[in-house]
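Asks: Here it is, the structure, as C-alpha cells.
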Amino acid sequence: MFALTVHNIDLFSVIHMSMRINQAFDTSLTDETDTKYKFYVEKMELAIDESYKNLSYYIKGSVKVTGFRSGSIIADYTINTTKNNSVDFTSENTQVSEILWKAGIPVKDFEESEEFNMTTKQKFYPQQSMELRCSHLKSVHGKMKWRVNDKDPAENKAKYNITNDGSGSTLIVKDVSESDRGRYSCVIETSTTPYVRWQEIFIEPRPDIVVDKTEIKLPCTDKTVTVTLTCCVYPINVYPIEWAGSPSYDGTNSEPGCITVQHKINSTSCESIETFICKLKNLKELKDYDYYKKRIQVQTVRDFDCKKESLGVGKVGDIVKGLCERGMKGYITYQCKKANSKNVWIPTQRECVVESIKDLERKAKALIVLEIPGFMESLSQTAEQNNVEITQSAPTVQTVVEILSTVANISQDSKINKPVVKDFLKTVDLIVADESKNTWAELNNGENTGNKSTELLQTIENISDHLSEGNFTITETSIQLIRTTVENSFTGTSQLLNSTTQIVIPNVVKPTHIAITVFKKLDNVLPTRSTTINDNKTSENRINGDVVVVKISETINNILLTFDIKNTSLKNPQCVFWNSSLDRWDSTGCKVKISGNEADKVTCECTHTTSFSILMSPVANEDPGKQRHLAYITYIGVGISIACLIFCLFIEMAGSNSERNYSSHMRHVSIVNIAVSLLIANICFIIGAAIADEEQMISVDPCSAVVFFMHFFYLALFFWMLVLTLFRILSQQSETKMTIIAITVGYGAPLLIAVITVASTAGPKNYVSKENACWLNWTESKALLAFVIPALTILAINLLVVCKLLRAEGGARGQDERYVIVVIVSFVAILTPIFCLTWGFGIGTMVSRDFGVHVVFAALNSLQGFLVLVFGKLLSDKCIRQHGEGIRRGSFEFGRIDVDNEDRR
C-alpha cells in the first residue's frame, strides 16, 4: 500500500506516503536503535531513491522513513518534490516493490490517501454511539467501503451500521469503548489505485467512581457525631467529580481524584435514611449511563450487634463492604459474626489489587500492538517496585496474569522482540517466586479465580510462539529463554543457578526456529493431582524438576529432556506435559528413558513439544521383582480364563443341537452369552493392562474405547446372570418373548448404562481413570459407580431370588421344580459371589497399591472363566451322564433342567 499526502514548504512540496509489507508486524520496528528497524529503513530509502531518481520533479536523497505501523507492516515515509500537487508514482512504485522483494521485503499493495476529519464531535465517551461521515470527492469516483483498524466492519453488523447515499457513506459505531479507538478509513475503490480518507479516533477512558461504602448504618445517638464519606474517580485527573443529593454538600479534596464530605448526625436523625450522590461534574450528557454516578445511603438505627467506626453497625449475619487500604484498589467484604463471645465485623473476602496494577489493567483493555513495548516496560517496572504487595495479594497476581494474557492475545498476529520478552519474563519471574507460593495455592483453590495457573502457562506458550527471528538468550532469577535457529540437531543446557536441565533434539530435518524456556519455580504455580495410596491416605504427585516449555516452528517426533531431581526422597518418576484442555499433567507421548546410574537425574523421551516436567511421589513403587511377578500372574491368569471360556463355548455350541426343551434352551442361551461377555471383557482387560504398563499416567484417548467395551461386557456378564436367575420366574412367557426379554436385559441395559456414563463424563474428560489402571474414573467423576451399583444391585436381587426358591424347595411337588431350584442355586451361590468378590478386589486396586490386593484380584480374575467352564458346563454334563435315566423319569439332576415339553403345553 502507498499513501500520499502533499504539503507545500517554500520551494518544494513534502509528500507523505506509506506502503504495506506482507509480513507480520514486529515490535522491534518501534525501536529506532533496533537492527531490524535500521535494516528496513536502509533498504527502503535506497529502493525509493533509486526508483524515483529519474523523475525530474523528485529531489534526490529526500526520502525519509518516518516509522512503522501494524496491519501487516505499514511503513510511513516522506519525499520532497518540486511539484505542489499530487503526482502519479505508479510505475516507480512497481520498481520499488521489485527491489524490495529481492531484499526480502515483500510489498503487498499501494494506496493513495489523505487525513480527513469525519466528525465534528470533539470527544467520544464509553457507551455512546459514534457517527462518522465520509464524503465523495469530485475527482475520485468509485464504490466506497469502510475499514476499522484494517478490518472490515461490515462483517460485524451487531457493532457497526453502514448506510450509503449519493454523496457519501455514514458509519455508526454502537456502544463504543476504549478498544474502539484507532484508525477509521473510508476506501474509494477506483479503477486504478484505491483512494483512502482516514482519521485517528480516540475514545475517552471509562470513568470508575468508587465510594468507600454504598450503604452504611450508624447508631442513633444523643449527641452530634460526624461521619466521613469518601468518593474517588479513576483514572485520576481525567474526570472531575462532585457531591449531589439531599442535602447537597460541596465536599473537599482529600487526595488526587477523591473528595470527602463530613456528614453530621444528631438525635433528631434517628431511624432516618439519607442518600448522597457522587457524580461526574459538568458532564450531564452522560447522565443516562451507569458510570455517571454512585450512591451512598446513610441510615441510623437503634438495634445492632456489631459496631466499627469505618463500617458502621449491623446485626449478626449482615454483610458490608469497605474500601481497601491506601495504595490498593477494590473492596474488602465484612460480615457481622460472633467471635470470642463478642460480635465483631470479620473480613471474609479481599478483592484488593495494587492500584498501579489496576491502572495498567484498564490500559491493557485498549492496548494496541504499537504500544506493547512501552506498556510491558511499565508493567515490569511497576511489578518490581511493588513486588512485596503483589506476591502477597491473590487478586493482584490474578490481575497480572490477565494483563499478560491480554498482551499475548494482542500479539497473535505480530512478532515480539527481545526487550518486550525480557520485560514479560521479568514480570513472570516475580509472580512465580517462592514468596508467592501461598498466593498461588489460594488462587488454585479459589472458586471465583478461574484457572490462572493454566492461563499463565498458556500465555507463556503463546508468547513463545511469536518471538522475533534471530538468536538471543534471556536469563532472569528463575527463568531462562533460549531463542535460536538450529540445523540437524540441537543440545542446550540450562544456565540457571543449581539447574543443569538439558534439552536434546537429535534430528532436525531443516533449519528451524526454536524457543526453549526453562522455569525453576513454576512448581509454585501449577497444581499437582492427589492420589490415594495405602490405607486410603492421600499423597501428592509433586513436580520434582524444572518446567521446560519447548516451541519449534517445524514438527518433530523425538525430544529428550534430562531433569535434575530436586528432592531425592521422592520416587516413581513420571514424564509429563501440561495438558491445558484436561487441566492436568498428562503422560501421552512421553516416557522415562532408562539411562545411566545418575540417581539425581531423570531423562524423558517425548514425541511432541509443549510444557514438560517430571512428577514424583513420596511413596515408592513396589519392588520391581514383585511388579514383574504381578504382571505374570495377571497375564497368565487372564490367559487361562480366556482359554477356559473358549473351550466352554466350543463344547456348549457343539452340544446345542441336543437341547430338547424350553429350560435347556434358556440355560444354553444364558451360558453362551455369559461366556462371550466375559471372554470379550477379558480381552479388553488385557489390552487395557498393556496400555497401563506402557504409560506412567493413563492417557485418555487410548483407554476410552477399551474402557467402554470393558464396562459394557462386564455389565453384560452380570445382567445375563440376572437373566439366568429370573427366567424360571418368567417361565410362563413363550420362548420367543423370553428370548426378547433376555437380550433386552442382557445387552440393552448394559449398553444404556455405558452410553450414559460416557455422555456424562466425556465432556470434562473424566471418563477414564487418570492413573493406576485403564478403567472407569473414580477420583473426579465417580464414573466407577456406573459399574459398582448395577453389579451390587444384581447380586442383591439374585440372593433374594435364591432365598425365595430355597424356601419354596420343600414344598415343591415335582422333581423338575426341585431340579430347577438346585440349578439356580448352583449358579447364583457359586458364580455371583465369586464375580462380586473378584471385582471388590478390582475396585481395591484402583484405590490401593498394596501388592496383596493386586495378587488376589489377578488370581480371582483368572478363576472367572474357569468357574464358568466347570459349573456352567462340565459338572452339569457329568450329572447328565450319571442321571440320564432320571431325566427320562422326570427326576432332578445337578446343573441341568429337562422339563418335558408336554408340561409346557
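The values are calculated or read from the model by the stated rules, or taken from the named source; none is laboratory data. The structure presented is a predicted model; accordingly, all values stated were derived computationally and were not measured. Every residue, glycine as well, gets a Cβ built from its backbone with ideal geometry; the counts of neighbours run over all protein chains shown. Surface areas here come from the heavy atoms of the whole protein model, side chains and all, with no ligands, DNA or RNA. Shrake-Rupley method; radii C 1.70, N 1.55, O 1.52, S 1.80 Å.
Asks: For region 259-311, what are the residues that are under 25 Å from Lys337 (Cα atoms), in contact with a Gly (Cβ under 6 Å, 6 or more places away or on another chain) and assigned to a strand (DSSP E or B)?
Replies: Selection gives Cys306 alone.
Asks: Condition first: in a loop (DSSP other than H, G, I, E, B), at pLDDT 85 or above and either out of contact with any Leu (no Cβ under 8 Å at 6 or more places or on another chain) or at positive phi (or both). Now tell me which residues in region 193-213 satisfy that.
Replies: Phe202, Glu204, Pro205, Arg206 - these are the residues of region 193-213 that are in a loop (DSSP other than H, G, I, E, B), at pLDDT 85 or above and either out of contact with any Leu (no Cβ under 8 Å at 6 or more places or on another chain) or at positive phi (or both).
Asks: Let me confirm something: among Thr221, Thr163, which residue is open to solvent by 40 Å² or more (accessible area, probe 1.4 Å) and not basic (Lys, Arg)?
Replies: Values: Thr221 fails: open to solvent by 40 Å² or more (accessible area, probe 1.4 Å).
Checking each option against the conditions leaves just Thr163.
Asks: Filter region 161-192 for residues that are of a type in the set (A, V, I, L, M) and part of a strand (DSSP E or B) and give the result. So that I can check it myself, show each step before the final result.
Replies: First pass over region 161-192, keeping only residues of a type in the set (A, V, I, L, M): 162, 171-173, 176, 187-188.
Those that are of a type in the set (A, V, I, L, M) and part of a strand (DSSP E or B): Ile162, Leu171, Ile172, Val173, Val187, Ile188.
Asks: Let me ask you something else. For the structure I just gave you, tell me whether Asp423 is open to solvent by 30 Å² or more (accessible area, probe 1.4 Å), in contact (Cβ under 8 Å) with a residue 12 or more places away in the chain and assigned to a helix (DSSP H, G or I). Reasoning before the result, please.
Replies: Numbers: open to solvent by 30 Å² or more (accessible area, probe 1.4 Å): no; in contact (Cβ under 8 Å) with a residue 12 or more places away in the chain: yes; assigned to a helix (DSSP H, G or I): yes.
Taking the combined requirement at face value, the residue does not satisfy it.
Asks: Counting only residues that are at pLDDT 80 or above and either in a loop (DSSP other than H, G, I, E, B) or crowded, with 17+ Cβ neighbours inside 10 Å (or both), how many does region 759-773 have? Quick ask: steps written out before the conclusion?
Replies: Of region 759-773, the ones at pLDDT 80 or above are 759-761, 767-768.
Checking which are either in a loop (DSSP other than H, G, I, E, B) or crowded, with 17+ Cβ neighbours inside 10 Å (or both) leaves us with 761, 767-768.
Counting residues in region 759-773 that are at pLDDT 80 or above and either in a loop (DSSP other than H, G, I, E, B) or crowded, with 17+ Cβ neighbours inside 10 Å (or both) gives 3.
Asks: Read through the list (1) at pLDDT below 90; (2) charged (D, E, K, R); (3) touching a Pro at 6+ places or on another chain (Cβ under 7 Å), then give the number of the only condition that Lys264 fails.
Replies: The single condition Lys264 does not satisfy is (3).
Asks: Could you tell me whether any residue of region 72-91 is touching a Gly at 6+ places or on another chain (Cβ under 7 Å) and not in a helix (DSSP H, G or I)?
Replies: Step one: list which residues in region 72-91 are touching a Gly at 6+ places or on another chain (Cβ under 7 Å), which gives 76.
Those left that are additionally not in a helix (DSSP H, G or I): 76.
The answer is yes; a qualifying residue exists.
Asks: Say whether the condition of being out of contact with any strand residue (DSSP E or B) (no Cβ under 9 Å at 6 or more places or on another chain), at pLDDT 90 or above and over 28 Å from Asp423 (Cβ atoms) is met by at least one residue in region 28-45.
Replies: Yes, that holds for at least one residue.
Asks: Let me ask something additional. Inside region 290-320, can you point out the residues that are of a type outside the set (Gly, Ala, Ser), more than 15 Å from Ile241 (Cα to Cα), within 42 Å of the chain's Cα centre (by Cα) and open to solvent by less than 80 Å² (accessible area, probe 1.4 Å)?
Replies: Scanning region 290-320 gives Gln297, Leu311, Asp318, Val320.
Asks: Right, something else. Filter region 321-353 down to the residues that are surrounded by 14 or more Cβ atoms within 10 Å (Cβ to Cβ) and basic (Lys, Arg), then identify the one that is farthest from the chain's Cα centre (by Cα).
Replies: The residue in question is Lys337.
Asks: Only residues that are more than 8 Å from Lys415 (Cβ to Cβ) and either in a helix (DSSP H, G or I) or open to solvent by 40 Å² or more (accessible area, probe 1.4 Å) (or both): list them for region 22-38, please.
Replies: So in region 22-38, the residues more than 8 Å from Lys415 (Cβ to Cβ) come out as 22-23, 29-38.
Of everything in region 22-38, those that are more than 8 Å from Lys415 (Cβ to Cβ) and either in a helix (DSSP H, G or I) or open to solvent by 40 Å² or more (accessible area, probe 1.4 Å) (or both) turn out to be Asn22, Gln23, Leu29, Thr30, Asp31, Glu32, Thr33, Thr35, Lys36, Tyr37, Lys38.
Asks: Report yes if some residue within region 459-478 is part of a loop (DSSP other than H, G, I, E, B), open to solvent by less than 50 Å² (accessible area, probe 1.4 Å) and more than 30 Å from Ala394 (Cβ to Cβ); otherwise report no.
Replies: The answer is yes; a qualifying residue exists.
Asks: Return the total of residues in region 363-413 being of a type outside the set (A, V, I, L, M, F, W, C) and either in contact with a strand residue (DSSP E or B) (Cβ under 6 Å, 6 or more places away or on another chain) or open to solvent by less than 60 Å² (accessible area, probe 1.4 Å) (or both). Quick ask: steps written out before the conclusion?
Replies: In the first step, residues of region 363-413 are kept if they are of a type outside the set (A, V, I, L, M, F, W, C); the result is 363, 365, 371, 373-374, 377-378, 380-382, 384-387, 389, 391-393, 395-396, 398-399, 402, 405-406, 409, 411-413.
Applying the additional criterion that residues be either in contact with a strand residue (DSSP E or B) (Cβ under 6 Å, 6 or more places away or on another chain) or open to solvent by less than 60 Å² (accessible area, probe 1.4 Å) (or both) yields 373-374, 378, 380, 382, 386, 389, 391, 393, 395-396, 398-399, 402, 405-406, 411.
Of the residues in that region, 17 qualify.
Asks: Could you please let me know if Lys121 is in a loop (DSSP other than H, G, I, E, B), open to solvent by 20 Å² or more (accessible area, probe 1.4 Å), touching a residue at least 40 places away in the same chain (Cβ under 8 Å) and out of contact with any His (no Cβ under 7 Å at 6 or more places or on another chain)? Talk me through it step by step, then tell me what you get.
Replies: Values: in a loop (DSSP other than H, G, I, E, B): yes; open to solvent by 20 Å² or more (accessible area, probe 1.4 Å): yes; touching a residue at least 40 places away in the same chain (Cβ under 8 Å): no; out of contact with any His (no Cβ under 7 Å at 6 or more places or on another chain): yes.
Criteria not met by Lys121.
Asks: Can you name the residue in region 482-523 that is basic (Lys, Arg) and open to solvent by less than 50 Å² (accessible area, probe 1.4 Å) and is also farthest from Lys437 (Cα to Cα) among such residues?
Replies: Filtering region 482-523 down to residues basic (Lys, Arg) leaves 483, 510, 520-521.
Imposing the further condition that a residue be open to solvent by less than 50 Å² (accessible area, probe 1.4 Å) reduces the set to 483, 520.
On the way: Arg483: 28, Lys520: 13 Å.
Filtering first and then ranking leaves Arg483.
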